[in-house]
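Here's the structure we're looking at; comments come further down.
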Amino acid sequence: INFAKPARDLDELLEKLGAQRLMPTGFGDDQDVDQYHTGFGEWKSQLYSRLGVDTAAAAGGGDDGPVKTDEQIKVETKQLRGSMKESLDDITTGQIPFQDTKLIKSHGSYQQDDRDLREERQKMGVENAFSFMIRVRLPGGYCTAEQWLAMDDICGKFANGTLKITTRQTWQVHGVLKRDVKETMRAMNKACMDTVAACGDVCRNVLCTSRPDVCSKALHEEILNYTYNIHDHCLPRSGAYHEIFLMQGDEMAEKTQIMGSTPVEEEPLYGLTYLPRKYKVAVAIPPSNDVDLFAHCAGFIAIIEGGKLQGFNVAVGGGLGFTHNNQKTHPRLADVIGFCKPSDAKYVCECILTVARDFGDRTGRKHARVKYTVEDYGAEWFKEQVEDRLGFKLEPAKPYKFEHRGDLHGWVKGTDGLWSCGLLVPIGRVKESSRTCLRKIAEELKGQGAFRMTCNQSVVLEGITEAKKAVVQKLLEEYKVMHNKETTVSGLRRNMVACVALPTCPLAFAEAERYLPTLVERLEAVTERCGISQEDIVIRMTGCPNSCGRPSMAEIGFIGKAPGTYNMYLGAD
């Protein structure tokens, strides 16, 4: 109803006034990977054909031809190198070429612009206010106190002064200018972090349950190590990231030349074309499903018996993204297809990946996720393909039970005698007083403590000694950081999740992060009146149907359709 409404209204008016229709009106879809360009390219060729005009002649001989597909770009850009090394150094513009905007995603970054300023800047005759979002690779959401301090420095020096904790258990920094992108990557690298595979058609950041109270500390660390093994095993191996962002100076140029002299560099898992679409993986530790395991391409459910890890149930084919008014796209929950030993998990993940690589739909990105391959061929067929590549059969799935998916709030003592404290970071935005508080806590915990990002956009402080517990508690109280049932105000507030959306996300149709806290505040008055204010009610909002905030799995979910307009979904669990 709202999509391209002004154009539809104009078309209808012209028809009523008696205008003769030359051909059907075309509508480019902003949810396409190149926004409206795909739809416009198809419509333009039909228009030229109807007019009887040669395409090249109509373009004055200067047409660059159709926009290249993602598959072409991946093949033709030397394992994701393209011209990024040069284009990021070009100070004449704040943006990079279209082809490089595709490639930089595989290196953990998206080119964006402030959409609130577009109209004003167009009137002034200047280009959009371009900047870059950079996402850190952080498997399991774990970082040291020193790394937290490094990220705090980075967001203050190069970004907009805030950190965004995402639903994929990591940070994003926003508002990085093109001239600072390389320096930002280098600063992360100095803190032993990078952005490899944080975005793009590869295996993304692998999630792991963050709650410290689901099992013993030793068992949790064992499962986290298997998470690292899965993640590292499926990483892309191209040297492009280091060549583009990290290498500088004459001595590094020589190393780059040596790397570039290899006759053929090809990814052992991904080949030249990588995957048809992104590949998301999660590891859950029952009874907690804080990672929303069934929303992932591949999921591993830890099976614990007698205090020991027996292995993992394997799930495939989940995903929540879709396109409005496109019935071929839809959310899907993953199917559990069997059980594997802990040491086999990384190989199972690899085989799921390669089946998706070989059988996924590369003709249309809207139908390219693993969930559609599972749905088109069937879960049993997919399982057989995985087993064929593994060389052995998966065992039957073992019993398990998920009982909750929320985060820890408050203090809990681990089996190692150290304390953990779960904090609430509203919508995952670390800013102002909460940023100051967490920085001071990180300074106190240097050399001993750690931070664990959660899939609900919050933080768990870990490894706190008895001596430091009182210091941390005092800081939380001083800066009024929400960390227990009393300070988190309500069940709605404890469980609200939103993507960034406007003004920087180019795909957003509507607000999310900037509006959901206001909506929750209004709803809190209703829940208080009804006597359910402390009930944990999951409420999520995203600005578009890509569903980064996983609203389809919320008890109350909102998906943006147009400014101020949302689809509302009720009752998921």
### Total residues in segment 73-93, condition within 24 Å of the chain's Cα centre (by Cα), in contact (Cβ under 8 Å) with a residue 40 or more places away in the chain and not in a helix (DSSP H, G or I)
4
### Query
Yes or no: E375 open to solvent by 20 Å² or more (accessible area, probe 1.4 Å) and either farther than 23 Å from T170 by Cβ or of a type outside the set (D, E) (or both)?
yes
### Query
Residues in segment 529-547 that are farther than 30 Å from P6 by Cβ and open to solvent by 20 Å² or more (accessible area, probe 1.4 Å): how many?
9
### Task
May I ask you to list the residues in segment 548-560 that are open to solvent by 10 Å² or more (accessible area, probe 1.4 Å) and of a type in the set (G, A, S)?
S552
### Task
Within segment 97-116, track down each residue that is open to solvent by 60 Å² or more (accessible area, probe 1.4 Å) and free of Cβ contacts under 8 Å to residues at least 24 places away in the same chain.
P97
### Summary
Only one of G307, G311, G364 is over 20 Å from the mean Cα position of the chain (by Cα) and farther than 21 Å from T209 by Cβ, namely G364
### Query
In segment 94-130, what residues are in a helix (DSSP H, G or I), closer than 26 Å to T166 by Cα and acidic (D, E)?
D100, D116
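Residues are listed down the side, and each one gets a yes or a no for (1) closer than 21 Å to G141 by Cβ; (2) assigned to a helix (DSSP H, G or I):
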site: K485; (1), (2): no, no
site: V489; (1), (2): no, no
site: L492; (1), (2): no, yes
site: F509; (1), (2): no, no
site: E513; (1), (2): yes, no
## Note on the structure
Filter segment 282-304 for residues that are β-branched (V, I, T) and over 15 Å from R550 (Cβ atoms); the one that is most open to solvent (accessible area, probe 1.4 Å) is I304
### Task
May I ask you to list the residues in segment 524-547 that are in contact with a helix residue (DSSP H, G or I) (Cβ under 6 Å, 6 or more places away or on another chain) and either assigned to a loop (DSSP other than H, G, I, E, B) or of a type in the set (A, V, I, L, M, F, W, C) (or both)?
S533, Q534, E535, D536, I537, I539, M541
### Selection count, segment 448-483, where residues are in contact with a helix residue (DSSP H, G or I) (Cβ under 7 Å, 6 or more places away or on another chain), β-branched (V, I, T) and either open to solvent by 40 Å² or more (accessible area, probe 1.4 Å) or more than 22 Å from I427 (Cβ to Cβ) (or both)
3
## Note on the structure
Residue hits (segment 41-96; at pLDDT below 75 and open to solvent by less than 40 Å² (accessible area, probe 1.4 Å)) are G41, A59, G65
### Query
Does any residue of segment 426-442 turn out to be at pLDDT below 95 and farther than 24 Å from V538 by Cα?
no
#### Entry: segment 426-440: number of residues that are open to solvent by 10 Å² or more (accessible area, probe 1.4 Å) and touching a residue at least 60 places away in the same chain (Cβ under 8 Å)
5
### Message
Just to check your reading of the model, which residue among T518, T487 is farther than 16 Å from S434 by Cα, of a type in the set (S, T, N, Q) and surrounded by fewer than 17 Cβ atoms within 10 Å (Cβ to Cβ)?
### Response
T518
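Every residue, every condition in (1) closer than 30 Å to Y274 by Cα; (2) buried (at least 21 other Cβ atoms within 10 Å of the Cβ), yes or no:
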site: R369; (1), (2): yes, yes
site: F382; (1), (2): yes, yes
site: E387; (1), (2): yes, no
site: F392; (1), (2): yes, no
site: R405; (1), (2): no, yes
site: W411; (1), (2): no, no
site: L424; (1), (2): no, yes
### Query
Given the conditions (1) surrounded by fewer than 22 Cβ atoms within 10 Å (Cβ to Cβ); (2) among the polar types (S, T, N, Q); (3) touching an Asp or Glu at 6+ places or on another chain (Cβ under 8 Å), which single one is not true for S420?
(1)
### Summary
Within segment 384-422, the residues that are in contact with a Leu (Cβ under 7 Å, 6 or more places away or on another chain) and not in a loop (DSSP other than H, G, I, E, B) are E387, S420, C421, G422
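The values are calculated or read from the model by the stated rules, or taken from the named source; none is laboratory data. Bear in mind that the values here come from a model prediction, so they are computed numbers and not experimental data. A quick note on method: Cβ atoms are made from the backbone with ideal geometry, for glycine too, and the neighbour counts reach across all protein chains shown. We work out accessible area using only protein heavy atoms, side chains counted, and drop any ligands, DNA or RNA first. Shrake-Rupley method; radii C 1.70, N 1.55, O 1.52, S 1.80 Å.
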